[in-house]
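Just below is one structure, and these are the notes that go with it.
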Amino acid sequence: MANNFVVFIITHGRPEKILTLNSLKKCAYSGDWYLILDNEDATIHKYQKKFGEHKVIVFDKKAMADLVDEGNNFDNRRTTTHARNACFNIAKKLNKEYFLVLDDDYTGFSFRYERGPYIKNINKVFDTFIEFMKNIPNCLSIAFSQGGDHIGGFAGTKLKRKAMNSFFCSVNRPYQFLGQLNEDVNAYVTIGSRGGLFFTFTSVQLNQAATQKTSGGMTDAYLQYGTFCKSFTTVMMMPSSVKVSMMVTTNQRLHHSISWVNTVPMIIPERYKKINLGTEVSEQIKTMETKNNSGSLFKQKKDKPTQPDYTGTASIDGKQFRMSGWVNTSKSGMNYLRILFSEQQMQDLNTLSVQDQVPLTPQASQGEDQTDDLPF
C-alpha cells in the first residue's frame with residue numbers, strides 16, 4: 001500500500017457500528033485509516049475510547065458549513081457534506097496526496113461476478129484505482145459500484161460517469177460537495193457540466209447496510225425530509241438536466257433522473273471534424289469556373305479515415321453545392337465513389353466541415369437517459 005494514501009471513514013453518532021472498518025480488515029487492508037467526526041457529535045469520547053484518540057480526527061463543522069451552499073436555509077448541518085469536504089484539508093495536513101472517503105455502514109467489498117467473491121487483498125485494488133487517477137489528469141474522483149449499478153445483468157459498461165458513496169480523491173485535484181442532501185450527485189452533475197470527470201468502476205462493488213434503518217448518520221435527515229427533498233436538491237443545483245421522477249422498484253420511490261446529454265460535455269464523433277482542403281486545392285476551386293449542372297472533385301490528403309477522399313463544388317440548376325466523396329467497396333468487391341451534396345454557403349472553403357455535408361439524424365442518446373452510463 002502506497003505511503004501517500006489514507007482511508008477516511010466519516011461517521012456520526014454510532015461508535016458501536018463502524019461496519020466499514022470491519023469490512024476493510026476482512027479484505028486485508030494494511031494502510032492508514034482514520035475516523036472523521038464533526039465537533040457537534042456528542043459521542044466523540046466514545047469513539048476515542050474505543051478506537052484511540054490517535055485514530056479519531058475532529059473537524060469544525062460550522063466552519064465548513066460556512067463555506068458551502070447547503071441548498072436550504074435550515075442551518076441544522078445534519079449532513080455528510082461537510083465531513084466529505086473537510087477530508088481534503090485533513091489529508092493535506094497528514095501529508096497524504098491520495099485518500100479514499102467512505103461512509104461507516106459498508107458491509108463488504110467484492111468483485112462483481114455472479115457469485116460476488118469478497119476481495120482478499122484490497123490493497124492491490126486501491127493501488128490500481130490510484131494508478132487510474134494518475135493516468136487521467138482531469139479525473140477528480142473514482143468510486144466503487146453499488147447494487148443498483150448492475151440492474152439488468154452483469155455485462156455492460158465498465159465505467160459510469162458518476163461517483164457515489166465512495167470517493168478516491170487527490171489533494172491536488174480538490175472539488176466541493178454541495179447541498180445538505182444528495183451531495184454526491186450534486187457534485188458530479190454540477191462539476192461534470194464544467195468538464196470534471198467522475199467515474200464508477202463497475203467491476204468492484206461495495207455493499208451497504210439498508211439505508212434509513214440504522215440509527216445515527218444521515219438517517220434522521222432522510223426520514224424527516226424524505227426522498228423528494230433529497231432528489232429535488234439536485235434539481236435546484238442543475239435544473240437544466242435533472243428532474244424528479246418515480247424509480248420503479250419493489251418499493252417505488254421518488255428519485256433524481258439525469259439527462260446526460262444536457263449535463264456533461266460530449267466527445268464529438270470524428271466525422272464532424274472540420275477538414276482542411278489545403279491552400280492549393282482551395283485556390284483551384286476558387287478560380288475555376290463551374291458550368292451549370294457540372295462539378296469538379298479534387299483528391300485530398302486525409303488525416304483520418306473518416307475524412308472524404310475527394311472534395312469539390314458543383315452547380316445544379318444555378319445553385320452552388322459542395323461535394324464530398326468517399327471511395328468505398330461494394331459487397332461484390334467493386335470500388336465506387338460515394339458522393340454527398342450540401343448546399344454551399346458563403347464561407348471560406350478551407351474550413352469545409354463534414355458536419356455541413358452529412359445531415360444529422362436523431363440519436364437515441366439525445367433523449368433522456370434514465371441510466372448513469374457514460375454518455376459517449
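The values are calculated or read from the model by the stated rules, or taken from the named source; none is laboratory data. From a predicted model like this one, the values you see are computed outputs, not experimental measurements. Quick reminder, even Gly has a Cβ in these numbers, built from the backbone with ideal geometry, and neighbours come from all protein chains shown.
Residues that are loosely packed, with under 14 Cβ neighbours inside 10 Å, out of contact with any Leu (no Cβ under 9 Å at 6 or more places or on another chain) and among the hydrophobic types (A, V, I, L, M, F, W, C) number at least 2 in none of the strands (runs of 3 or more DSSP E) confined to segment 292-332. Checking each residue in segment 61-105 for being touching a residue at least 12 places away in the same chain (Cβ under 8 Å) and among the aliphatic types (A, V, I, L, M) picks out M64, A65, L67, V68, A83, A86, I90, A91, L94, L100, V101, L102. Applying the criterion of being crowded, with 18+ Cβ neighbours inside 10 Å and either of a type in the set (D, E) or not assigned by TED's automatic domain parsing to the domain that holds E183 (or both) to the residues of segment 98-150, the residue that is farthest from N85 (Cα to Cα) is D149. Here V185, V242, V248, V189 are screened, and the one residue that is under 29 Å from P117 (Cα atoms) and either surrounded by 15 or more Cβ atoms within 10 Å (Cβ to Cβ) or modelled with pLDDT of 75 or more (or both) is V185. Within segment 1-26, the set of residues being of a type in the set (A, V, I, L, M, F, W, C) and modelled with pLDDT of 95 or more comprises F5, V6, V7, F8, I9, I10, I18, L19, L21, L24.
Sort out for me the helices (runs of 4 or more DSSP H) sitting completely within segment 1-115 that have 1 or more residues that are of a type in the set (S, T, Y).
Those helices (runs of 4 or more DSSP H) span 19-26, 44-51, 81-93.
When S110 is tested against (1) of a type in the set (S, T, N, Q); (2) farther than 22 Å from C229 by Cα; (3) more than 22 Å from the chain's Cα centre (by Cα), only condition (3) is not met. Out of (1) at pLDDT 90 or above; (2) surrounded by fewer than 14 Cβ atoms within 10 Å (Cβ to Cβ), the odd one out for L223 is which? Only one criterion is unmet by L223, namely (1).
In segment 179-200, of all residues being touching a Lys or Arg at 6+ places or on another chain (Cβ under 6 Å) and assigned to a loop (DSSP other than H, G, I, E, B), the one that is farthest from V125 (Cα to Cα) corresponds to L181.
The set of residues in segment 116-149 that are in a strand (DSSP E or B) and out of contact with any Cys (no Cβ under 7 Å at 6 or more places or on another chain) comprises C139, L140, I142, A143, F144, S145.
Are any of the residues in segment 48-56 under 28 Å from C229 (Cα atoms) and surrounded by 19 or more Cβ atoms within 10 Å (Cβ to Cβ)?
The answer is no; no qualifying residue exists.
Across segment 169-178, which residue is nearest to S231 (Cα to Cα) among those that are touching a Cys at 6+ places or on another chain (Cβ under 9 Å) and not in a strand (DSSP E or B)? My answer is Y175. No other residue among V204, V264, V235 is part of a loop (DSSP other than H, G, I, E, B), at pLDDT 60 or above and surrounded by 13 or more Cβ atoms within 10 Å (Cβ to Cβ) apart from V264. Of all residues in segment 66-79, exactly one satisfies the criterion of being farther than 18 Å from T234 by Cα and under 25 Å from the mean Cα position of the chain (by Cα), namely L67.
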